[in-house]
Amino acid sequence: MTNDTTQSDTAQSAPVRFDTKIAVVLRDDLEVWQRLNVTAFLVSGLGTRHPEVIGEPYADADDTPYLPMFRQPVMVFEATKEVVTAAHGRALTRDLPRSLFTSDLFTTGNDRDNRAAVRAVPGDQLDLVGMAVYGPRNAVDKVLKGARMHS
């Protein structure tokens, strides 16, 4: 084995570190089904606005194709209503890409009604149950201050 091969093998087996972070913060009083549903909705738009977060398509050994997914992990946090609200404010002041989910969205059944429900409420009065944020790792960490990893 040549030195080039050894260096290449080492580079491929080294952990990948990202300078960005995709994170979701959920209110800690949600039911399990709500947590799963909110998380899926929150991350669904990220790749449309920031295509660099999407990796390459997948294929199994039979060459069956599969859709591409995020190229990096999505970190899921939980927090009190107050911490989620504060995180939302910090994401706004840092102008980080974000999505939100309010309690009103549990009563709507389609995208049009979801947007209307959010539009009807001033930003500082939104009853947030979750938020996703993307950006430089250190900025996202500051936004999520007070939240803990979801267990």
> What is the number of the single condition among (1) in a helix (DSSP H, G or I); (2) within 20 Å of Phe18 (Cβ to Cβ); (3) at pLDDT 95 or above that Gly47 does not meet?
Replying inline: (3)
> If you take the residues of the stretch 28-38 that are out of contact with any Leu (no Cβ under 7 Å at 6 or more places or on another chain) and in contact (Cβ under 8 Å) with a residue 24 or more places away in the chain, which of them is most open to solvent (accessible area, probe 1.4 Å)?
Replying inline: Asp29
> Which pairs do you get when a residue that is more than 18 Å from Leu46 (Cβ to Cβ), found in the stretch 91-119, comes within reach of a residue that is polar (S, T, N, Q), reach meaning Cβ atoms under 6 angstrom, with the pair 6+ apart or on two chains?
Replying inline: Thr108/Asn114; Ala117/Thr108
> Does Leu42 satisfy the criteria of being in contact (Cβ under 8 Å) with a residue 60 or more places away in the chain and not in a loop (DSSP other than H, G, I, E, B)?
Replying inline: yes
> For Phe18, which of the numbered conditions (1) of a type outside the set (Asp, Glu); (2) open to solvent by 50 Å² or more (accessible area, probe 1.4 Å); (3) part of a loop (DSSP other than H, G, I, E, B) fails to hold?
Replying inline: (2)
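The values are calculated or read from the model by the stated rules, or taken from the named source; none is laboratory data. Please read all numbers here as calculations on a predicted model, not as lab measurements. Using ideal geometry, Cβ is built from the backbone for each residue, glycine included, and neighbour counts are taken over all protein chains shown. For the accessible areas, the whole protein counts, side chains as well, though only heavy atoms, and no ligand, DNA or RNA atoms are used. Shrake-Rupley method; radii C 1.70, N 1.55, O 1.52, S 1.80 Å.
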